[in-house]
1. Could you tell me which residue of the range 148-169 is nearest to Ser113 (Cα to Cα), considering only residues that are open to solvent by less than 50 Å² (accessible area, probe 1.4 Å) and hydrophobic (A, V, I, L, M, F, W, C)?
2. Among the residues of the range 135-145, which ones are more than 24 Å from the chain's Cα centre (by Cα) and either open to solvent by 60 Å² or more (accessible area, probe 1.4 Å) or in contact (Cβ under 8 Å) with a residue 12 or more places away in the chain (or both)?
Amino acid sequence: VPAAATPFLAGRFDKFRQPLDPVSTSKDRESERIRPCARPRSTIHSCLARGVSRIVAKKHIRMEKEKFHEKLSTMVDQAVHDVYRLSQAFPKEETQGVAQQIRSSALGVALHSAGVQARKQLGSVEAAYGSLQATKYLTKFAQKQGWMSDKDSDGLMQNLEAVGGMLWGMIKRLKQAH
């Protein structure tokens, strides 16, 4: 509806309109590119407020969730492979001890996170997070025992911390939903 045809509406909804082109017309937003649902934690309501249709908003949110789960499974898979590679250097007498425990806990994270994608249940996410905490402890323990170098341990811990942050975010969202 043109502003001239409805003078009482002129300017009232301008705050909801954002340009979709890369160049913003607002002086305070000249440097940023404005797209619908550009933020990772967008909701349908914020998308609708920006003038995006409900169908496009739902599709965008679904794609963001798929990217999140894909990234989570990639990071968990990398951590499991790192644990298996690094635990091969453990002493032979620890084959049935710490080496088996760290492998088991790392696999627990992977298996429970796969269950999260299928069931989206709080118990699965919490079980994955618990296995992750066990893996982190055993990584620190192996480093202190000298079975793992500081560089390898730090790289694995960074990956585990990132996975833990993603799982903790899922726990918080699932608890809010219940």
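1. Only one residue tops the list, namely Leu167.
2. Residues satisfying the conditions are Phe141, Ala142, Lys144, Gln145.
The values are calculated or read from the model by the stated rules, or taken from the named source; none is laboratory data. Since the model is a prediction, treat every value here as computed from it, not as a measurement. Here Cβ is always computed from backbone atoms with ideal geometry, including for glycine, and neighbour counts include all displayed protein chains. Ligands, DNA and RNA are stripped out before the accessible areas are found, and what is left, the full protein with its side chains, is counted by its heavy atoms. Shrake-Rupley method; radii C 1.70, N 1.55, O 1.52, S 1.80 Å.
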